[in-house]
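A.B. asks: The following block contains the structure, expressed as structure tokens.
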Amino acid sequence: MPHVERLGTPGPTEDEFEQLLAPHTPVVAETAHALRRVLAAAFPEAVEQVDFGNKLLAVGKSMQMRDLTFAIIPHSAHVNLQLADGVDLPNPDGMIEGTGKRIRHVKVRSVEAAASPGLRAIIDAQAALRR
């Protein structure tokens, strides 16, 4: 059974995250790790859980549906950073994509992109909505 732990801390969730990333390229895995570090810095009170069925790392105040804030979703050539309130977030650079009723995402293609000021502003805005 997947574990719920404080975001970014060593332990069983870290091992499960490695299992989730194992089939992906090194670039995708490194990008996912970089996003996890950025989320941990921006939202230190968050917890995380690997969801193997949906192939993602869920992040939020708790693992209750209403508290989920982000998801890190590895794909073959990029990592999606899912934003629970993406429709309500400022998007001056057009980084936020999607047509969902509430949830949107940002495609992150490199470690450098994961650490970009524009993405950090989006992460901070999303975290502020769920605090």
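A.B. asks: Does Asn80 fit the bill of being within 24 Å of Val4 (Cβ to Cβ), modelled with pLDDT of 95 or more, out of contact with any helix residue (DSSP H, G or I) (no Cβ under 7 Å at 6 or more places or on another chain) and open to solvent by 30 Å² or more (accessible area, probe 1.4 Å)?
C.D. replies: Numbers: within 24 Å of Val4 (Cβ to Cβ): yes; modelled with pLDDT of 95 or more: yes; out of contact with any helix residue (DSSP H, G or I) (no Cβ under 7 Å at 6 or more places or on another chain): yes; open to solvent by 30 Å² or more (accessible area, probe 1.4 Å): no.
For Asn80, the condition - within 24 Å of Val4 (Cβ to Cβ), modelled with pLDDT of 95 or more, out of contact with any helix residue (DSSP H, G or I) (no Cβ under 7 Å at 6 or more places or on another chain) and open to solvent by 30 Å² or more (accessible area, probe 1.4 Å) - is not met.
A.B. asks: A follow-up question, please. I'm trying to understand the selection: among the residues of segment 43-66, which are crowded, with 21+ Cβ neighbours inside 10 Å and of a type in the set (Asp, Glu)?
C.D. replies: Correct list: Glu48 only.
A.B. asks: Here's something else I'd like to know. Hey, among the residues in segment 67-77 that are more than 16 Å from Ala113 (Cβ to Cβ) and over 12 Å from the mean Cα position of the chain (by Cα), which one's surrounded by the most Cβ atoms within 10 Å (Cβ to Cβ)?
C.D. replies: Applying the first criterion (more than 16 Å from Ala113 (Cβ to Cβ)) to segment 67-77 yields 67-69, 71, 76.
Add one more test, that the residue is over 12 Å from the mean Cα position of the chain (by Cα), and what stays is 67, 76.
Numbers: Asp67: 15, Ser76: 8.
Applying the filter and picking the extreme gives Asp67.
A.B. asks: Further question on the same structure: Being within 27 Å of Ala22 (Cβ to Cβ) and charged (D, E, K, R) narrows it down to one residue among Arg120, Arg66, Arg109, Arg102; which is it?
C.D. replies: Numbers: Arg120 fails: within 27 Å of Ala22 (Cβ to Cβ); Arg66 fails: within 27 Å of Ala22 (Cβ to Cβ); Arg102 fails: within 27 Å of Ala22 (Cβ to Cβ).
Step by step, each of Arg120, Arg66, Arg109, Arg102 is checked, and only Arg109 is within 27 Å of Ala22 (Cβ to Cβ) and charged (D, E, K, R).
A.B. asks: Moving on to the next point. Looking only at segment 1-27, count how many residues are open to solvent by less than 50 Å² (accessible area, probe 1.4 Å) and either within 13 Å of the chain's Cα centre (by Cα) or among the basic types (Lys, Arg) (or both).
C.D. replies: Result for segment 1-27: 3.
A.B. asks: Which residues, taken from segment 50-103, are more than 17 Å from Ala121 (Cα to Cα), of a type in the set (D, E, K, R), free of Cβ contacts under 8 Å to residues at least 40 places away in the same chain and in a strand (DSSP E or B)?
C.D. replies: Matches in segment 50-103: none.
A.B. asks: Scan segment 17-25 and tell me whether some residue there is closer than 25 Å to Ala121 by Cβ, β-branched (Val, Ile, Thr) and at pLDDT 95 or above.
C.D. replies: no
A.B. asks: Something else now. Filter segment 28-42 down to residues that are of a type outside the set (Gly, Ala, Ser) and more than 11 Å from the chain's Cα centre (by Cα) and give me whichever is least open to solvent (accessible area, probe 1.4 Å).
C.D. replies: First, the residues of segment 28-42 that are of a type outside the set (Gly, Ala, Ser): 28, 30-31, 33, 35-39.
If we keep only those that are more than 11 Å from the chain's Cα centre (by Cα) too, we end up with 28, 30.
Values: Val28: 4, Glu30: 101 Å².
Filtering first and then ranking leaves Val28.
A.B. asks: In addition: Filter segment 116-131 for residues that are open to solvent by less than 70 Å² (accessible area, probe 1.4 Å) and outside any helix (DSSP H, G or I); which is modelled with the highest pLDDT? Give the steps one after another, and end with the answer.
C.D. replies: Here is the first cut: in segment 116-131, the ones open to solvent by less than 70 Å² (accessible area, probe 1.4 Å) are 116, 118-119, 121-128, 130.
Narrowing further to those that are outside any helix (DSSP H, G or I): 116, 130.
Values: Ser116: 97, Arg130: 85.
Selected residue: Ser116.
A.B. asks: Any chance segment 93-112 includes a residue that's closer than 12 Å to Val38 by Cα and exposed (fewer than 14 other Cβ atoms within 10 Å of the Cβ)?
C.D. replies: Taking segment 93-112 and keeping what is closer than 12 Å to Val38 by Cα, we get 111-112.
Now drop any that are not exposed (fewer than 14 other Cβ atoms within 10 Å of the Cβ), which leaves 112.
Yes, segment 93-112 contains a residue that is closer than 12 Å to Val38 by Cα and exposed (fewer than 14 other Cβ atoms within 10 Å of the Cβ).
The values are calculated or read from the model by the stated rules, or taken from the named source; none is laboratory data. All values derive from a computational prediction rather than experimental measurement. Backbone-built Cβ (ideal geometry, glycine too); neighbour counts: all protein chains shown. What goes into the accessible areas is simple: the full protein's heavy atoms, side chains included, and nothing from ligands, DNA or RNA. Shrake-Rupley method; radii C 1.70, N 1.55, O 1.52, S 1.80 Å.
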